[in-house]
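Asker: Encoded as C-alpha cells, here's the structure I'll be asking about.
The values are calculated or read from the model by the stated rules, or taken from the named source; none is laboratory data. The structure displayed is predicted, hence computed values, not measured ones. Cβ atoms come from the backbone with ideal geometry, glycine included; neighbour counts cover every protein chain shown. Keep in mind that these areas ignore ligands, DNA and RNA; they rest on the heavy atoms of the full protein, side chains included. Shrake-Rupley method; radii C 1.70, N 1.55, O 1.52, S 1.80 Å.
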Amino acid sequence: METLHQHKNPLNTLNDNYQDIIALNKELSELKYALDESSIIAITDQRGIIQAANKKFCELSKYTREELIGQDHRMINSGYHPKEFFRKMWKTIGSGEVWKGEIQNRTKDGKLYWVHTTIVPILNEKGKPYRYISFRVDITEQKQMEAELQKSLKDDFNQTVNILENGIFKMKKDADGNIVYTLAEGKLLQKMGFNTQSHQNKSPYEVFSKEIADFKLSQYHLAFTGQGVQYEIELFGILVYVDVTPIKQGGQVVELIGTVYDITELRNTQKQLQENRMLYQSLFQHSQDAVFTFDTKGRILTMNPATERVLGYTLENFKKKSGTELIVKEYQSIHLSCFEKVLKGEPQNFEMAVYHQKGHQIFLNVTYLPIIMDQKITGIYTIGKDITEQKKIQELNAFLATHDELTELLNRRGLEENLKKAITHSQQSNQKLAVMYIDLDRFKNVNDTLGHMIGDRLLEQISRRLNTQIGDGNYIARMGGDEFMVLCPVIEVDEDAAHVAKEILACLKDPFFIEEYELYMTASIGISIYPTAGDNVVDLMKHADIALYKAKDQGRNNFQIYSSVMDKMSYQSFFLERDLRKALLNHEFIVHLQPRVDSKTRQITSAEALIRWNHPTLGLIPPSNFIPLAEETGLIIPMGKWIKKRVCELLVQWREEGIPLIPISINISAQRFLQKDFAKSVKETLEEYGVEGKFLEIEITENSLMRNEVDVEQMIQDLKELGIKIYIDDFGTGYSSFSYLKSFKIDGIKIDRSFIHNISSQSENAGITSAMIHLAQILIMDVIAEGVETEEELQFLHDHHCNQVQGYLFSKPLPKGEFERLLVDGI
C-alpha cells in the first residue's frame, strides 16, 4: 500500500487524496475483517480506561462494547496476579516498550480464562505513550491430541523421547491398586525436574502437592475406565496440556500413556498495531505462525517472516511456487476442496503436509479465511501452524501401541491384530495358517545369574536373529518376558510350519556374545494350525501354548504341533500340580539312594539321596515330571527340608542297626541355599538327630554361586564349620568357572553326565572332561563323574585319575532296603 503524502496546497490535491483514502479504507477493511476473525483486540488510554474493543474481545469477556467502553481495564481482572506483576507491566509500556505476557482474566459471568497478551504503546509527537493497544490470544482450550501408547524398546525409545521438545509419561496400577508412574521422559519433563529414574513407581502424591495430586488422580481414574482424558494444568510455572490415552489388552485397561505439551509458547504473540494500516500489518509481520495470502487463482502474493522460518522460503522464491508445488501429493485434493469452499465465503480449517525449502515435509494446521472487499472475495488469508512435532508424537505413540519397547518387534496387541486379519483372509481363501509360541529354555537362569541388563541385551540379539530367520511374509512378536510368537499367515501343509520351526531352532545354535559372556540358548516351540486347532485368535493362541508345554515336557529344544490329545495332557498337568501340594502332608515322598563308587576298588564310598513321588493313583512319578513343577510353585523348599530330615533319620537308623555309615549327599535348590537361615536350619537338624556333619554332603548348582557372592561365601563357610562338604552338581552346564570354586573353597565337582556319555568315542567330550579333571586336581578338589554306564567310560575316567564315579554301571537309584543290602554285601 502506498503511503499518503502531504502537499503544500491540499485544495489542489483533494481529489487525489480522496481516492487514496478510499483505497486505504478498503485495505484497512480487509485487514480489520481478518483481525476480527482471528484476534482479540482492545484499546485503552494511558490510564487504562477502555476506549475500544473488537467483537472477539466481547465474545471472550462476555461484556458488550457498551459495558466495556469507558471502564477501567481492571473490571476483567481475576485477582490471580500479584500487584508486582502489573507494576512491571505498566513500567514497561509506560517507557514506550512493547509488553508480552500471559494474563488470567475473568468473564462477566465469573468464569476464568487465560490469554497471551501483547500490549503496544502508541506514542505522541513527544514520544510519550498516550494510548495502548492490546492483542490477546485465547489459550484456555487447546486442540486435543489423539494418541495411543504401549512397551517397549527401552534404550531406543528413551533416546527418541529425550530429544522431543514435549514430554511422554506412562502409568500403571501396582500390586496394591495404586496408580504409579513407570515412565517420564522428554525435554519438557526434564525442564520441570521429571525423569523415569527419579519418578518410577511413585504415585502423584509423592511428586505433587495434595491439591494437584487429587486433581490428577481424578483424571487418571477416569482414563482407567477406558476414556481418553485431556486436561490443562500449571506445573512449576509452566502451563501444560496433557493428553492421556488408555492402553487396553483383552478389553482391560493395562496402562495409561500421556503426552505433555508446553502450551505457554503456543499462544501467538500479537504484534504492535498502529491506528492506521501499520497497526494491523504488525500482526501479520510478527505472528509466530506462517501467514501468507493467495489470490483467487492460487498464486502466492505475500508472506510474513514466520513463513520463512517455518518453510524456509524467501518471499521471492515463495512467489515462484504454486500451491500444488508446495503441497505433498496426498494432501492436494483436500487443499483444492477447501480452496474452492473458501472462495465461496466459507472459512476452512484442516491439516496438510507441505515441502520445506530443504525438501523435508512439514505438517501444518491451516486456516483459510476469505479476503472480502466491496462484497467480493479478492483473495485468501492463510494461517499455518506448525504441528510437525505433534505429528511425530502421534506416530511414535501409534508405533508403541503395537510394538515392544525393548526389541521393536510387534507386541501382543500388534500380533493379535495381524492374526485377526490373517484368519479373515484364510476363511475367504480357504487356506491354512500357523501360530508358533516360542519360549526360551531356562532364560530365567540368565536373568537370575547375570542380571536383567545382560538378559535384556540377550533378548535384543535373539529378537534380531529370529526376525531375520522367520522368512518374508511372516510376523514375529515379543509376547512378554522370554516368550515370542510367530505368525505364518499362509501355509500349504503342516510341514511348512514345521520347517519354519526347525529353522528357528537351528538359528539359535550359535552362541550369543555379550560382554565377556558366551551364552547358548535353546527354545521350545508350540504350533497350532488353522483351522484344525481353532478358527479364532483365542483358540489358536491357547492351543499353541498347550503345544509349547508339550515341547517342554519332551525335554525342551524341540517343537510340537498341537493335537486334541494335548488338551487331556494339559488337564493332567493341572491336577498333578494340585496333588503335588498335598504330597508332603500325605507322606507320598520316598527316598531312593544311588551309590558313589571308588573306581579302583569298586567299593561304595557314599551315596546321593534322590526324592521320588509315590502317587496314590499314578504310582511312581519320575522326578523330571514334578521337580520343575516344584521349582515353579516354590514347593522345592519344603521338599528340600523334608529330604534333609529323612536322610538324618536314615543315618540314625543305620547307626542303631550297625550298618556302616557313609556320607549321603542331598541336592539343595538355589532358592533354599541363599536363604539366610539355611546354615542355622542344617545345624539344628544335625543336633536334633545327633548326626555328625561329615556324614551330610550338600550339592548345589553352579548358578547358586553367582547370585550374591558375599552371602554365598558366608553360607559355605558356616556349613564347612559344621563339617559338611559342598559339591557343585552338573558342573559344566552353567556359568561358573574354576576361579569361583577356588575363591569359595568348594570341596569338589560332579561332572555332568552329558560330558561322560560316549566319552571314549567323542574326542570333544573327552578333551573337556580331561581338562576339568586335571584343573580340579590342581585345586585339590574331589572329582565325581555322573552317569557312568559303560566299562569304556569307566576305563577312561580311571586312566585320567577320576577315582569317584556314579551311574547305572554300578547301580540305579534304589529304595532304602535294596540299597542297604548293596551297602552290606558290596557291589
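Asker: Between Gln431 and Glu340, what length comes free when the chain is fully extended (0.36 nm per residue of separation minus the Cα-Cα distance, one decimal in nm)?
Answerer: Here the segment from Gln431 to Glu340 would lengthen by 27.9 nm.
Asker: Each label point is 7 Å from the Cα along the Cα-to-Cβ direction; what then is the distance between the points at Asp825 and Leu584, in nm?
Answerer: Using points 7 Å along Cα→Cβ, the separation is 3.7 nm.
Asker: On full extension of the chain, what length is gained from Gln200 through Glu141, given 0.36 nm per residue of separation minus the C-alpha to C-alpha distance?
Answerer: 18.2 nm
Asker: Between His81 and His221, what's the calculated FRET efficiency when r is the beta-carbon distance and R0 is 41 Å? Round to 0.05.
Answerer: Efficiency at R0 = 41 Å is approximately 0.80.
Asker: Roughly what would the spin-label model give for Gln777 and Glu518, points 7 Å off Cα along C-beta, in nm?
Answerer: 2.5 nm
Asker: Hey, with R₀ at 35 Å, roughly what FRET efficiency would Glu395 and Asp176 work out to, going by the Cβ-Cβ distance, to 0.05?
Answerer: Details: r = 35 Å, r/R0 = 1.00.
That pair, Glu395 with Asp176, gives E of 0.50.
Asker: Using alpha-carbon positions, what is the distance between the centroids of region 678-721 and region 343-359, in Å?
Answerer: Between the Cα centre of region 678-721 and that of region 343-359, the gap is 76 Å.
Asker: Given R₀ = 25 Å, what would the calculated FRET efficiency be for Ala766 paired with Lys745, taking r from the Cβ atoms and rounding to 0.05?
Answerer: With R0 = 25 Å, the Cβ-Cβ based efficiency is 0.30.
Asker: Something else: So how tilted is helix 388-402 from the main axis of the chain? Cα-based, degrees 0 to 90, rounded to 10.
Answerer: That helix lies at roughly 30 degrees to the long axis.
Asker: Please compute the per residue accessible area over the chain with all protein chains in place, 1.4 Å probe, rounded to a whole number of Å². If you can, show how the numbers build up before the last one.
Answerer: Details: 41140 Å² over 827 residues.
Per-residue accessible area for the chain comes out at 50 Å².
Asker: Here is a follow-up. Kindly provide the helix-only [θ] at 222 nm of the chain, computed as the sum of -39,500 (n - 2.57) over DSSP H runs of four or more divided by all residues, to the nearest 500 deg cm²/dmol?
Answerer: It comes out at -12500 deg cm²/dmol, rounded to the nearest 500.
Asker: Hey, rough spin-label estimate for Thr685 and Leu123, points 7 angstrom out along Cα→Cβ, what's it come to in nanometres?
Answerer: The modelled label-to-label distance comes out at 9.5 nm.
Asker: How high is the relative contact order of the chain, in percent, counting Cα pairs under 8 Å that sit 6 or more residues apart?
Answerer: Rounded, it is 6 percent for the chain.
Asker: Probe radius 1.4 Å, ligands and nucleic acids ignored: give me the carbon and sulfur share of the accessible area of region 337-453 as a rounded percent.
Answerer: Exposed carbon and sulfur together represent 47 percent of the surface.
Asker: Using the crude model of +1 on Lys and Arg Cβ and -1 on Asp and Glu Cβ, and no other charge, please compute the dipole size for the chain relative to its Cα centre, in debye to 20.
Answerer: Here the chain has a charge dipole of around 3340 debye.
Asker: Between region 455-514 and region 381-426, what is the separation of their alpha carbon centroids in Å?
Answerer: 22 Å
Asker: Which of the following values of Cα extents along the principal axes in Å was calculated from the structure shown: [x] 139, 65, 63; [y] 143, 63, 49; [z] 167, 86, 46?
Answerer: [y]
Asker: Which length gain, in nm to one decimal place, applies between Gln671 and Glu503 when the Cα-Cα distance is subtracted from 0.36 nm times their residue separation?
Answerer: That pair, Gln671 and Glu503, stretches by 56.9 nm at full extension.
Asker: Just to confirm my numbers, what's the Cα centroid distance between region 235-264 and region 165-215 in Å?
Answerer: 10 Å
Asker: Another one. If you line up the long axis of helix 636-657 against the longest principal axis of the chain, both from Cα atoms, how many degrees apart are they, to the nearest 10?
Answerer: Orientation of helix 636-657: about 10 degrees from the principal axis.
Asker: Okay, next question. For the Cα atoms of the chain, what angle does the longest principal axis make with the long axis of helix 452-469, in degrees from 0 to 90, nearest 10?
Answerer: So the inclination is approximately 80 degrees.
Asker: Which ³J(HN,Hα) values, rounded to whole Hz and listed in residue order, are derived for region 329-341 from phi using the Karplus coefficients 6.51, -1.76 and 1.60 in 6.51 cos²θ - 1.76 cosθ + 1.60 with θ = phi - 60°, glycine and proline given as x?
Answerer: So the Karplus estimates, Gly and Pro as x, are 3, 5, 9, 5, 5, 5, 4, 5, 4, 5, 5, 5, 5 Hz.
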